[in-house]
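Scroll down for the structure; my scribbles are underneath it.
The values are calculated or read from the model by the stated rules, or taken from the named source; none is laboratory data. If you're wondering where the values come from, they're calculated on a predicted model, not measured in any experiment. Positions of Cβ are backbone-derived with ideal geometry, glycine not excepted, and every protein chain shown enters the neighbour counts. For the accessible areas, the whole protein counts, side chains as well, though only heavy atoms, and no ligand, DNA or RNA atoms are used. Shrake-Rupley method; radii C 1.70, N 1.55, O 1.52, S 1.80 Å.
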Amino acid sequence: MKRNVIGAALFGAAMLIGGTTVASAAPAGCEAGWVCMYRDDDYKGGAVNLTNTTTSIAVLSNYGFNDEMNSWFSNFKYDAAWFYDANYSGSRKCMNSYSSNHSLSLADYDEASSARKYTSATAC
Ligand SMILES: [Ca+2]
């Protein structure tokens, strides 16, 4: 019962945003279906996004974004991942469906060199 009340409240909050159904917690500009990667903590400093058409980026340096990411937000129904090295190699770090990390660990700071979406919510 309590869960239903909370669900109704969240639905109401989402409907207040311009009449569109978006995840109320998504940062501005991180559209439904996107996985958004930010230069700074707390989803700031400019973003490079995995969108509905750009579903993978093998070389983040092509976007001026090599070894820059400090936070990310998934507004996507399936998993995604980022990698320490280009071409989806090196350590892989999962970005689970509809989750986020507002400040990466110091070890992971400024390491991302490639990123991709998957087609399953249990890919990683
Ligand atoms: Ca790297």
- [ ] Can you run down the residue pairs with Cβ atoms below 8 Å, 6 or more apart or on separate chains, where the first is in region 43-64 and at pLDDT 95 or above and the partner is open to solvent by 40 Å² or more (accessible area, probe 1.4 Å) and of a type in the set (Phe, Trp, Tyr)?
- [x] VAL48/TYR63; ASN49/TRP34; LEU50/TRP34; THR51/TRP34; ASN52/TRP34; SER56/TYR88; ILE57/TYR63; ALA58/TYR88
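Against the definition (away from the ligand (no atom under 13 Å from the Cβ), surrounded by fewer than 17 Cβ atoms within 10 Å (Cβ to Cβ), of a type in the set (S, T, N, Q) and more than 22 Å from SER120 (Cα to Cα)), how does ASN52 come out, yes or no?
Values: away from the ligand (no atom under 13 Å from the Cβ): yes; surrounded by fewer than 17 Cβ atoms within 10 Å (Cβ to Cβ): yes; of a type in the set (S, T, N, Q): yes; more than 22 Å from SER120 (Cα to Cα): no.
No.
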TODO: Tally the residues that are within 10 Å of the ligand (Cβ to nearest atom) and over 16 Å from VAL59 (Cβ atoms), restricting the search to region 80-107.
DONE: 1
Task: Residues satisfying the stated conditions in region 87-124, i.e. buried (at least 16 other Cβ atoms within 10 Å of the Cβ) and more than 19 Å from ALA47 (Cβ to Cβ) - done: TYR88, TYR118
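Could you tell me whether any residue of region 71-79 is at pLDDT 95 or above, within 14 Å of the ligand (Cβ to nearest atom) and surrounded by 14 or more Cβ atoms within 10 Å (Cβ to Cβ)?
Going through region 71-79, the residues at pLDDT 95 or above turn out to be 71-79.
Those left that are additionally within 14 Å of the ligand (Cβ to nearest atom): none.
No.
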